[in-house]
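> One structure, as C-alpha cells, below. Some questions next.
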Amino acid sequence: MRPISSRLLAVSLLAAACSPADGTGMGDDDDDPTPYEFKTPEVIAVAPSQVALGDKVQVIGKNFIDPEHGALRLELVGTYTEDGGKSYPYQGSVPLTFVNPGVAEFEFGPDVFFSPTGDVLGEFTGQVDVVSKLGREDDADGEEKASEALDTRMAVMPSLLVQQLHSVDDPGCASVTPGTIASTNLSLGVRALGLGTATQGRPITFRVHFFAPGVQVQYVRNEWYAQWPLAPTAYVSPPDGNASFEVTVSEDYRDPGRMPGLVERLEKFSWAEDVQWGQEWIKKFSGVLRFMEAGALFMGVFLAAATVFIITNTIRLTVYARKEEIEVMRLVGASDVFIKMPFFLEGVIQGVAGGVLALGILLLGRAVLLSGMPAYLTFIVDTPVSVAALLLLLVSSGIVMGVAGSLISMGRFLKV
C-alpha cells in the first residue's frame with residue numbers, strides 16, 4: 001500500500017474544514033435559526049429630571065433593540081431656557097447604550113449640548129422618542145422604527161466634571177486614563193459649571209478622593225498653583241507644615257464618646273501636628289440635642305395628660321347632658337354595660353380622630369418645612385418609621401388615651 005503524503009492529508013483536512021454547513025453534510029441536522037422580530041420601541045420615562053455633567057440618564061421603555069441587531073438613539077425636540085431667561089429651540093439626538101430590552105442609558109456631557117455655548121445652566125422642555133435602527137448606525141439603508149413622543153423636562157444642575165486625569169510625563173496618555181505607573185506626576189483638570197468664576201482671592205474649592213488599592217497619594221500644600229507638575233520640594237507625603245487634609249469618619253465613630261479615642265490615635269502619627277475635630281462645638285451641640293430630647297419627652301407627657309383631661313371632661317359634660325336619659329334607662333332595668341358603653345365608645349372615637357388629625361398636622365408641617373429647607377438639613381424632619389407605622393402608633397396612642405379618659409370619667413361621674 002502506498003503511503004498518503006502529508007500534503008494530500010493537509011488538503012483533505014482543509015477541504016473538510018471549509019465545507020459549508022448547509023445541512024447537506026453527513027450527520028448535519030441543524031435547524032434554521034429563528035428570525036429576529038424587529039419591534040417598534042416604546043418610551044415610558046426619562047430619569048432623572050435633574051442632571052449634572054457626567055450623570056447617567058436612563059430611558060425606560062419596551063422593545064429596545066439589542067447591539068447584536070442594531071443601534072439605539074434618543075431624539076430630542078423642544079426648547080432650552082437658560083437660568084437667565086433666554087430661550088433657544090433645540091433639536092438633536094443622543095446615542096443610547098443598551099442595558100436590557102426595557103432600559104437604555106447615556107452619559108450627560110461632556111458639555112451642555114442643549115446650550116449653544118455648551119456651558120449655561122437651564123432647563124430643557126420638550127418631547128423625546130427612542131429610535132431603533134436595524135443594522136449599523138452608519139448604514140443609510142437600515143430600517144428604523146421610532147416610539148411615540150413623550151413629554152419630558154430636564155434641568156441642568158451645577159456640575160464638576162473631571163476632564164483631565166493623566167500622567168504629565170507621558171504625552172501619549174488619554175485625557176482621562178484608567179491607570180498609570182508608580183512615581184508618576186498626575187495632571188488633574190476639573191471643569192466647574194454654574195459655580196461662578198474662580199479667582200486667586202475667591203477660589204472654588206472641592207474635595208478629591210482617590211480610590212486605588214496599593215497606591216500612595218502625595219498631597220500638595222494648600223496653596224495656589226499656577227502650573228503642574230510641581231518642583232520636588234513643593235510636596236511631601238503625608239502633608240506637614242501648613243498643609244492639611246480632611247478625614248471623613250465612618251458612622252461607627254460618629255459618637256462624642258468614641259471621637260476622643262480616634263483623635264488620640266491620629267495625634268500619635270509623626271506627621272500629625274494638630275488634629276482639629278471641633279471638640280467644644282460637638283459637646284455644645286450634644287448638650288443642645290439632649291436638652292431638646294428632654295424637652296420633647298416632657299411635652300409628650302404633658303400633651304398626653306392634657307388629652308386624657310380633655311376627654312374626661314368632655315364625657316363628663318355628656319353625662320350631665322344625658323342625665324335624664326340615664327335615669328330612665330336605670331328605671332327600665334338597663335344593665336351597667338349597656339349604659340356605659342356609649343360613653344366608652346365616644347372616648348375611643350375621639351382618640352382615633354385625634355390620632356388621624358395629629359398625623360395630618362405632622363405630615364403637613366413636614367411638607368412645609370421641607371419646601372424651604374436646604375437638602376443637608378432634611379435629616380431633622382426625617383421620620384424614624386413609615387407613614388403607615390406612624391399612623392398605627394398615633395391611632396393606638398389615641399385609643400389608649402381615649403379609653404383612659406372614658407374610664408376615669410365614668411368612674412367619677414357616672415354612678416350606676
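> Starting at the first residue of region 54-71, write each ³J(HN,Hα) from the Karplus equation 6.51 cos²θ - 1.76 cosθ + 1.60 with θ = phi - 60°, in whole Hz, x for Gly and Pro.
After applying 6.51 cos²θ - 1.76 cosθ + 1.60, I find x, 6, 8, 10, 9, 10, 9, x, 9, 6, 6, 6, 8, x, 5, 10, x, 9 Hz.
> Now, a different point. With charges only on Cβ, +1 for K and R and -1 for D and E, what is the dipole size of region 289-413 about its Cα centre, in debye, rounded to 20? Don't jump to the answer; show the numbers that get you there.
Details: 8 positive and 7 negative charges, 30 e Å.
Dipole magnitude for region 289-413 comes out near 140 debye.
> Hey, another quick one. Just want the ordering: M154, M259, M341, from fewest to most Cβ atoms lying within 10 Å of their own Cβ. Mind showing how you got there, number by number?
On the way: M154 22, M259 16, M341 11.
Starting with the residue having the fewest Cβ neighbours, the order is M341, M259, M154.
> Same structure, new question: About the Cα centre of region 278-350, how large is the charge dipole given +1 on each Lys and Arg Cβ and -1 on each Asp and Glu Cβ? Please answer in debye to the nearest 20. Don't skip to the answer; put the middle values down first.
Values: 8 positive and 7 negative charges, 53 e Å.
The dipole magnitude comes to about 260 debye.
> Still on this structure, please answer the following. Near K145, which lysines are there with a Cα under 17 Å away, not counting those fewer than 8 places off in the same chain?
K39, K62, K133
> Which percent of Cα pairs goes in each bin when the distances of region 42-157 are cut into 10 angstrom slices starting at zero?
Bin by bin from 0 Å, the calculated values are 15, 46, 30, 9, 0.
> Related question: So how much slack lies between F38 and D138, counting 0.36 nm per residue of separation and subtracting their Cα-Cα distance, in nm?
34.2 nm
> Computed on alpha carbon atoms, what radius of gyration and Dmax characterise region 330-416, expressed in Å?
According to the Cα coordinates of region 330-416, Rg and Dmax are 19.3, 68 Å.
> Compute the orientation-averaged projected area for region 73-134 from the convex hull of its Cα atoms and round it to one decimal in nm².
Details: hull surface 18.4 nm².
Computing the convex hull of the Cα atoms and averaging its projections yields 4.6 nm².
Any read-out appearing in this document is the output of simple, stated calculations on the displayed coordinates, not a laboratory observation. All of these numbers come straight from a predicted model, not from anything done at the bench. All Cβ positions, even for glycine, are placed from backbone atoms using ideal geometry, and neighbour counts span all protein chains on display.
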